[in-house]
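Read the structure below first, then the notes.
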Amino acid sequence: MEWLKELARDDFGKTVLTVSGTLFVTAFGVFIGGAKDIALDWWKRRRLVKYQAMLIATTLEQFISDCIDLIYDPTFEDEEGVVHGTVPNPSIVWSPEIDWPSIPSDLMYRCLLLPAQAKSAAESADFIAEQVSGPPDYSEYFEELELRFSDVGLRAFHILKRLIESYGVHWQNGYTVDPQVTFQDTIDRIRASKKRQLEQQNGGEPKYKD
């Protein structure tokens, strides 16, 4: 530190030290201010992304609930003994407030596919109703509805789990059943039923393999 003492003995040295100290303090202040701005910006972005995740999660929860209601639809018979459903086909309409670019691209893609997948599920069941199933019970139609919407509901539930794990979204969990178990059990049950029916049609030997 002797060189500092030597430098501070004359006016020029004192000026250099003063200027250097001022520059150091200024630079340090700029650094602290920049770090603070970066941290504040990160915090705001994190809150924004979590808000977007919450918007998506609430829509998914409603859709999952609607899919579960469809699976447990009690149905009813009219005066002619024809069976009718009591639950409308589930659908998804995303909030216009969702800022999709703020969500990871893979998650965004899976979310944006859901409305089309729900529509396709309904159309598949309608086709079965028109071309395969028939009155009075329309069993194949209701079976197709349960299968298709269990599949889409399970996809939605996996996305919801991702939101919970990645963004700390609070899941209301207002279901009386476990959605994942319910959807998977329904899929397994109906696929097994379809396989048995196919084996019977082919004289006990499956024509197609899973």
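Every read-out reported here was derived from the displayed coordinates using simple, explicitly stated rules and does not represent laboratory data. Just so it is clear, the model here is predicted, and its values are computed rather than measured. Note that each Cβ is placed from the backbone with ideal geometry, even for glycine, and that neighbours are counted across all protein chains shown.
Taking neighbour Cβ counts within 10 Å as the exposure measure, how do T75, T176 sort from fewest upward?
Fewest-to-most ranking of T75, T176: T176, T75.
Cut-off is 10 Å between beta-carbons; in what order do F63, F183, F149, F127 appear when sorted fewest neighbours first?
Lowest count first: F127, F63, F183, F149.
If R₀ is 30 angstrom, what is the calculated FRET efficiency for the pair E130 and V177, using the beta carbon separation as r and rounding to 0.05?
0.45
Within 10 Å of each candidate Cβ there may be at most 13 other Cβ atoms; applying that plus a DSSP loop requirement, which trypsin sites (Lys or Arg not before Pro) in segment 124-210 survive?
Sparse-neighbourhood loop trypsin sites (Lys or Arg not before Pro): K207, K209.
Give me Y167, Y51, Y109, Y138 sorted ascending by neighbouring Cβ count inside 10 Å, so fewest comes first.
Lowest count first: Y109, Y51, Y167, Y138.
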